[in-house]
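The values are calculated or read from the model by the stated rules, or taken from the named source; none is laboratory data. This structure is a prediction, so every number in the text was calculated from the model and none was measured. Cβ atoms come from the backbone with ideal geometry, glycine included; neighbour counts cover every protein chain shown.
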Amino acid sequence: MRQDYKNYVHHLLADKTINPHRKALILRESSYALVEELFESPDVEKALEESKGIIENFVNFMENEPESMGHLIGLSSHDFYTYTHSLDVGIYSLGLAKVAGYSGHELFLMGQGALFHDIGKRQVDIEIICKNGPLDDEEWKQMQKHPEYGLVILQETNAPEEIIACCFEHHENSLGNGYPQQLSAEEIHPMARIVALTDTFDALTTKRSYNQPMPPSKALDFMAVKLKGKYDPDLLSAMYETLFKMEKHKEKLSK
Ligand SMILES: [Fe+2]
């Protein structure tokens, strides 16, 4: 963890003259560079250890600012890169897990699991990752291997089972037709269910080369209707609740 980042964020979060929306923006932007650095690191064990500092900052922010998720959730308008996507999924998963009752060490594991859920993509050909358009069958087959690649990478470290489950099971779904194991709803690890939801939510609300982003509430409606049955209904309601609070907050700000 770079010391200058740590000091900077520490001061930022303690500064009462900066409003929460601006804090959310700066915290997110300053963390992107660090996540990119972690993702480039060949030493995954070390990257996992260093990720704790980033997660700690977001957990502190959420603890000190009751409407922090509302501020964080509407900010994602970046292009879709693995590391920006991973940080956003990490942030949303922390917020959702908090609403679902997670705290302390479990919340940290949730953040790490979500941050590293796509670590297996480093084994997928870069041309496929960056392809400007839909994937063909062969490319799609390789892309769908990323949970298994991630499993192998994380098993070489001493990552706890929760982190491994987020990586290996985040493309499973409650209908039992996900991949790679086609697990049933109850078989999917509770933390992986959270990542499955926030992963799709972020993909739908982020600008990619071949599709336009949906506004957050449209994305949740799409998941509830078009992707019906795939996600944990309690988690989906919790996500709606978070969004609703955010919209109320924006109304207040605009008055
Ligand atoms: Fe994935």
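Details
- Any hit, region 98-108, residues being closer than 25 Å to Ala24 by Cα, among the hydroxyl-bearing types (Ser, Thr, Tyr) and within 12 Å of the ligand (Cβ to nearest atom): no
- Meeting the requirement of 1 or more residues that are surrounded by 15 or more Cβ atoms within 10 Å (Cβ to Cβ) and without any contact (Cβ under 8 Å) to a residue 24 or more places away in the chain, the helices (runs of 4 or more DSSP H) wholly within region 73-154 are 126-129, 137-143.
- Within region 22-32, being in contact (Cβ under 8 Å) with a residue 12 or more places away in the chain and surrounded by fewer than 19 Cβ atoms within 10 Å (Cβ to Cβ) holds for Leu25, Ile26, Ser30, Tyr32.
- Residues of region 39-66 that turn out to be surrounded by fewer than 14 Cβ atoms within 10 Å (Cβ to Cβ) and modelled with pLDDT under 90, as a count: 6
- Per the conditions (1) surrounded by fewer than 14 Cβ atoms within 10 Å (Cβ to Cβ); (2) over 29 Å from Arg28 (Cβ atoms); (3) free of Cβ contacts under 8 Å to residues at least 12 places away in the same chain, the sole criterion not satisfied by Gly176 is (1).
- Filter result (among the acidic types (Asp, Glu) and farther than 16 Å from Pro160 by Cα) within region 44-76: Glu56, Glu63, Glu65, Glu67
- Hits in region 175-223 - residues which are at pLDDT 95 or above and among the small types (Gly, Ala, Ser): Gly176, Gly178, Ser184, Ala185, Ala192, Ala196
- Qualifying residue in region 109-117 (condition: in contact with a His (Cβ under 6 Å, 6 or more places away or on another chain) and within 12 Å of the ligand (Cβ to nearest atom)): yes
- Checking Glu186 against (1) of a type in the set (Asp, Glu); (2) under 22 Å from Leu38 (Cβ atoms); (3) away from the ligand (no atom under 13 Å from the Cβ), the condition it does not meet: (2)
- Within the option set Gly95, Gly101, Gly120, being at pLDDT below 95 and farther than 23 Å from Tyr240 by Cα holds for one residue only, Gly120.
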